[in-house]
Amino acid sequence: MASKVMDLIYWKDTERSGMVLTGLVVVLLSLFQLSIITVVSTLSLAVVCFAIAVRVYYKTLHILNWADGEHPFKKYLDMDIGLSGEQAEHAVQKAIVMAMSALDTLKKLVFVSNLIDSLKFLVLLYLATFLGKIFNGLTVFIMGVIAIFSLPLFYQQRQEQVDSAIAKIKANVDNVKDIVRRILQGGGPTPDPTPGGAKPKTQ
């Protein structure tokens with residue numbers, strides 16, 4: 001399943017990825033005008049009507065001896081989507097571990113286990129409130145879907161340029177974090193940039 005999702009994201013099959021992206025965007029845009037119940041029921045109705053029409057068409061071809069009578073959706077009906085007891089238990093355990101880890105991280109951020117991390121979390125929350133004034137959640141979700149289908153492919157094609165830009169941004173962020181850390185620790189002399197701490201001789 002994971003490999004199939006990655007194939008969609010990296011456009012290994014252009015037609016399938018295009019259909020999935022278009023379908024997701026259309027469904028999300030529909031939610032602007034219609035309720036989620038209406039959207040889901042309408043889509044389900046359309047899918048079932050299409051499946052019945054195809055099934056009747058193939059059945060008619062079989063009656064007329066123009067086809068072998070094989071079920072048109074046989075590969076989907078034979079697809080195994082069940083989980084064994086061990087797989088289900090592993091999935092539940094993994095979900096619980098992830099949830100507890102997220103709650104533990106949130107607890108540390110809220111109750112200021114590390115001041116720097118809590119300050120970064122505070123900035124993130126402020127940016128979220130600022131973003132909420134510009135977009136609603138559905139718009140952000142649509143932008144996220146489009147980003148998932150575009151940014152990984154863009155990074156794969158422009159990896160060197162992106163890595164170089166990220167390295168420069170990271171260096172600037174680390175410099176700002178270092179300044180903030182020294183201020184929070186009561187200030188202090190700027191670290192000697194020369195190797196070994198040797199002071200350059202003045203002429």
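What's the total number of residues in the range 53-86 that are farther than 30 Å from residue 141 by Cα, part of a helix (DSSP H, G or I), open to solvent by 100 Å² or more (accessible area, probe 1.4 Å) and not charged (D, E, K, R)?
Total satisfying the criteria: 3.
Restricting the first residue to the range 123-136 and requiring it to be under 21 Å from residue 32 (Cα atoms), which pairs with a second residue that is at pLDDT 80 or above and open to solvent by less than 70 Å² (accessible area, probe 1.4 Å) meet a Cβ separation below 9 Å and a spacing of at least six or different chains?
131/140; 132/140
Suppose the filter is out of contact with any strand residue (DSSP E or B) (no Cβ under 6 Å at 6 or more places or on another chain) and in a loop (DSSP other than H, G, I, E, B); does residue 50 pass it?
no
From (1) open to solvent by 60 Å² or more (accessible area, probe 1.4 Å); (2) not in a helix (DSSP H, G or I), pick out the condition that doesn't hold for residue 108.
Failing condition for residue 108: (2).
Per-residue answers, yes or no, for (1) open to solvent by 100 Å² or more (accessible area, probe 1.4 Å); (2) in contact with a strand residue (DSSP E or B) (Cβ under 9 Å, 6 or more places away or on another chain); (3) within 30 Å of residue 7 (Cβ to Cβ):
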residue: 101; (1), (2), (3): no, no, yes
residue: 104; (1), (2), (3): no, no, no
residue: 113; (1), (2), (3): no, no, no
residue: 116; (1), (2), (3): no, no, no
residue: 121; (1), (2), (3): no, no, no
residue: 128; (1), (2), (3): no, no, no
residue: 160; (1), (2), (3): yes, no, yes
residue: 178; (1), (2), (3): no, no, no
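Which ones in the range 111-131 are in contact with a helix residue (DSSP H, G or I) (Cβ under 8 Å, 6 or more places away or on another chain), of a type in the set (A, V, I, L, M) and in a helix (DSSP H, G or I)?
115, 116, 119, 131
When you check residue 44 against the structure, is it part of a helix (DSSP H, G or I), within 28 Å of residue 149 (Cα to Cα) and either among the hydrophobic types (A, V, I, L, M, F, W, C) or modelled with pLDDT under 90 (or both), yes or no?
no
For residue 43, only one of the following conditions fails: (1) open to solvent by 60 Å² or more (accessible area, probe 1.4 Å); (2) in contact with a helix residue (DSSP H, G or I) (Cβ under 6 Å, 6 or more places away or on another chain). What is its number?
So residue 43 meets the others, but not (2).
The values are calculated or read from the model by the stated rules, or taken from the named source; none is laboratory data. Since the model is a prediction, treat every value here as computed from it, not as a measurement. Glycine also receives a Cβ, built like all others from the backbone with ideal geometry; neighbour counts cover every protein chain displayed. Ligands, DNA and RNA are excluded from the accessible area calculation, which covers all protein heavy atoms including side chains. Shrake-Rupley method; radii C 1.70, N 1.55, O 1.52, S 1.80 Å.
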